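What follows is a short report on a single structure.
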Amino acid sequence: MTFTKGFSWRRSFLSLAVLISVLAVACGASEPAAPAQEPAAAPEQPAAAMEEPTAAPAVPTDARALTETRQFESTPTPSASMSDAAPAPAATPTPIAAVSAKDTIILVTQEEPTSLGTFSDGCSGNVPSMICEEIATDPFTWIDSTNFEVVPLSGVESWSQIDPQRWRFNLRDGVEFHNGEPWNADAVAWNLDLNGRPDIGGGYSFHQKIEGEAVDELTVDVVCEGPCPIFPRTAIFTVFQAPQWYESASEDDRERNTIGIGPYRIVEWRPGVEVEIEAYDNYKPNSAFDAQAPSIKSAFQVWRPEPLVRAAMIQAGEAHWAVDIGFENIDSVPLAKSGTNNEVFTLVADNIWHPELRKKEVRQALALGVDCQTLMEVLYDGLQECIGNISQWGTVGITESNYADYGFDPEMARELLATSGYYKPDYDPERNNYDVNEEIRIHTRAARVYRGLEMFESVVSTWREELGVNAHVVVLEPNRAREARRSGCGKFIQVADDGTQDRSGALACSEQDPPAPFGSSTHYYETATSNEALDMQRQLVLRNSCFNVNSRVCNLVPGLDGMTFEESITDAIETALGPDRTRKMEAMAQIIHDEYWFLPFFVSVQVYGMSEDLEWEPRYDPRTRVNSMRFTQ
């Protein structure tokens, strides 16, 4: 595929028929996606009879350098169609281990991880958190990026749905946590109970409390509060640690370590310098590509905030893999690979506590006051596409209508600000005296997304000059940014010792002061929000529900079929796979778009710099598994 300025990544995805509205989630342990030694070629599309299929995202198959001057590789294109007939559970064979020509790899990320504890608030679904998210621990399930099937990782043989609120998982025998504790139904049930508590944060992907029930030594049931028809797809967010270790560990130890069942164990975190991990000798691989045995014995995560520096480290042989080196540095590394990473770079508006952002007219005006297309041309060489929602194309619920960007109309924006009462009586556009008006900040992090800070500086400059808005960018250090992000209405949920919840405080959050620790309005906060499950359920719960700590949406606007928006979230996610679920998800995504609760910009296109002898393919999301890497001879 040839890349030129103005190329639309999303439009190229439309012809790729990965169908996810009828995903095979009723039974687990599908056939292997690929041998452990190398990625699989995309299979031919089987014929499938289905209603209202929805295309899933994909990435280019044959990419030319984004600078138009150099060939480089991109992520493989999934092209398999899936029916709703689930494969029969099968035993999980152990493949032949891959062989690597080198025993050590150095990985460079944008920033130091905030925490290495998989249950910590600081362990989030981005690349700097890869060790605690998906390297030291294996979730129940995984979405194979070569065919988009839901597959088990090392701890699971198969699964089946017992009733609308119960899924049964058959565990693998002989699996142990890194410290030797047994992986069994009791240990898994303990972890599920912790994963499923919304007040801690684990429940955000499920919307409801989940619990684990041990059936026998190697069988455990996941019990949901209400119907949970796509739980296996959301089970990629279940994470596990050794219960005995966790209960006896200090808070500091819990932040600095994860004792999981993943392919690598943490050796040491040397703050400000590096994180060292080593292959877990007792890892129990299976035939899923991302559950293969690690072939590289030791790995080190280091961090550099500048893309140029990350690229230079690859060029000099000081590192072997670097994330987000920037389009302009492609020619400076031996090998570059690219693809979308499923993260929508967006601003979340505080429409609960900010006196101006609570007004739809103000949010709409600020959206119309962003010249997104010009920003994409100037900062990203026209290779990012402006969008208007918080999940990428191919997600169940996303349509042409609710994905369209808002456009640039400063005249209409000024009219909306005037009618909303944002301008104070003494405002004089000739003198541009915007300082008399309510301040609107963009809270961001310095190195989260390539050229993100430059983009936000341009946004507030346009707001000030074109609209007369008192706007500023405030750069937060990572811990403070996390506090800002997690200061939503879900903070007001009260949980009793027996686990029962009182959600009345969350529903009435607008009547209270913003919660600690941030303790004030977050104005706009920046996030690169992902949706690996490819269903709007995740974003409805994570960023649009009164009951989530990340959400700034809790104004009880009308939802669907006479319900409030919050009630409609529950109704939509409890609807079984099929046309009715798709209809509801599309309607909810349209409300999100039309209410301007978010100011989305683009789905991030990541460019990875690699040493020439490193074999690895990017996924469709930001998940990175070192056991899928190896060095060639």
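Tell me which residues, restricted to the stretch 527-561, are open to solvent by less than 10 Å² (accessible area, probe 1.4 Å), charged (D, E, K, R) and more than 13 Å from the chain's Cα centre (by Cα).
Scanning the stretch 527-561 gives a single hit, 552.
Quick one: which of 121, 173, 138 is modelled with pLDDT of 95 or more, more than 18 Å from residue 626 (Cβ to Cβ) and in a loop (DSSP other than H, G, I, E, B)?
Matching residue, one of 121, 173, 138: 173.
Which number in (1) at pLDDT 95 or above; (2) out of contact with any helix residue (DSSP H, G or I) (no Cβ under 8 Å at 6 or more places or on another chain); (3) among the hydroxyl-bearing types (Ser, Thr, Tyr) marks the one condition that residue 611 misses?
(2)
For the stretch 299-415, give me every one of the helices (runs of 4 or more DSSP H) that falls completely inside it and has 2 or more residues that are out of contact with any Pro (no Cβ under 9 Å at 6 or more places or on another chain), under 30 Å from residue 274 (Cα atoms) and modelled with pLDDT of 95 or more.
The qualifying helices (runs of 4 or more DSSP H) are 307-315.
What residue, among those in the stretch 330-358 that are of a type outside the set (A, V, I, L, M, F, W, C) and over 25 Å from the mean Cα position of the chain (by Cα), is surrounded by the most Cβ atoms within 10 Å (Cβ to Cβ)?
Restricting to residues being of a type outside the set (A, V, I, L, M, F, W, C) and over 25 Å from the mean Cα position of the chain (by Cα), the top hit is 356.
Among 296, 325, which is the only one that is open to solvent by less than 10 Å² (accessible area, probe 1.4 Å) and over 30 Å from residue 484 (Cβ atoms)?
The unique qualifying residue is 296.
Can you tell me which residues in the stretch 562-573 are open to solvent by 30 Å² or more (accessible area, probe 1.4 Å) and either among the hydrophobic types (A, V, I, L, M, F, W, C) or in contact (Cβ under 8 Å) with a residue 40 or more places away in the chain (or both)?
Across the stretch 562-573, the qualifying residues are 563, 570.
In the stretch 566-604, which residues are among the polar types (S, T, N, Q) and part of a loop (DSSP other than H, G, I, E, B)?
Within the stretch 566-604, 575 is the sole residue that qualifies.
Would the stretch 367-377 turn up any residue that is open to solvent by 50 Å² or more (accessible area, probe 1.4 Å) and in contact (Cβ under 8 Å) with a residue 60 or more places away in the chain?
Yes: one or more hits.
If you take the residues of the stretch 419-435 that are in a helix (DSSP H, G or I) and open to solvent by less than 60 Å² (accessible area, probe 1.4 Å), which of them is modelled with the lowest pLDDT?
Filtering the stretch 419-435 for residues that are in a helix (DSSP H, G or I) and open to solvent by less than 60 Å² (accessible area, probe 1.4 Å), the one modelled with the lowest pLDDT comes out as 434.
Residue 162 fails exactly one of the following numbered conditions: (1) open to solvent by less than 20 Å² (accessible area, probe 1.4 Å); (2) not in a loop (DSSP other than H, G, I, E, B). What is the number of that condition?
Answer for residue 162: the failing condition is (1).
Could you tell me whether residue 607 is in a strand (DSSP E or B) and open to solvent by 10 Å² or more (accessible area, probe 1.4 Å)?
So residue 607 does not fit the description; no.
Within the stretch 503-518, can one find any residue that is assigned to a loop (DSSP other than H, G, I, E, B), touching a strand residue (DSSP E or B) at 6+ places or on another chain (Cβ under 6 Å) and farther than 18 Å from residue 349 by Cα?
Within the stretch 503-518, not a single residue is assigned to a loop (DSSP other than H, G, I, E, B), touching a strand residue (DSSP E or B) at 6+ places or on another chain (Cβ under 6 Å) and farther than 18 Å from residue 349 by Cα.
Tell me, which residue of the stretch 614-633 that is at pLDDT below 90 and among the basic types (Lys, Arg) is nearest to residue 105 (Cα to Cα)?
623
For the stretch 577-598, how many residues meet the condition of being surrounded by fewer than 23 Cβ atoms within 10 Å (Cβ to Cβ), aliphatic (A, V, I, L, M) and at pLDDT 95 or above?
Matching residues across the stretch 577-598 total 2.
I'd like to verify a number: residues in the stretch 265-293 that are in contact with a helix residue (DSSP H, G or I) (Cβ under 8 Å, 6 or more places away or on another chain), part of a loop (DSSP other than H, G, I, E, B) and either of a type in the set (Val, Ile, Thr) or within 14 Å of residue 137 (Cβ to Cβ) (or both), how many?
Adding up the residues that qualify gives 1.
Restricting to the stretch 442-462, name every residue that is open to solvent by 40 Å² or more (accessible area, probe 1.4 Å), of a type in the set (A, V, I, L, M, F, W, C) and touching a strand residue (DSSP E or B) at 6+ places or on another chain (Cβ under 6 Å).
If the condition is that a residue be open to solvent by 40 Å² or more (accessible area, probe 1.4 Å), of a type in the set (A, V, I, L, M, F, W, C) and touching a strand residue (DSSP E or B) at 6+ places or on another chain (Cβ under 6 Å), then 446 is the only one that fits.
Taking the stretch 248-265, which residues are of a type outside the set (D, E, K, R) and surrounded by fewer than 22 Cβ atoms within 10 Å (Cβ to Cβ)?
Result: 248, 249, 250.
Would you check if there is a residue in the stretch 468-480 being part of a helix (DSSP H, G or I) and either among the small types (Gly, Ala, Ser) or under 14 Å from residue 369 (Cβ atoms) (or both)?
No - not one qualifying residue is present in the stretch 468-480.
Could you tell me which residue of the stretch 383-401 is nearest to the chain's Cα centre (by Cα), considering only residues that are surrounded by fewer than 22 Cβ atoms within 10 Å (Cβ to Cβ) and more than 30 Å from residue 330 (Cα to Cα)?
Ranking the qualifying residues of the stretch 383-401, first place goes to 399.
The values are calculated or read from the model by the stated rules, or taken from the named source; none is laboratory data. This structure is a prediction, so every number in the text was calculated from the model and none was measured. Glycine also receives a Cβ, built like all others from the backbone with ideal geometry; neighbour counts cover every protein chain displayed. All accessible areas refer to the heavy atoms of the entire protein, side chains included, with ligands and DNA or RNA removed. Shrake-Rupley method; radii C 1.70, N 1.55, O 1.52, S 1.80 Å.
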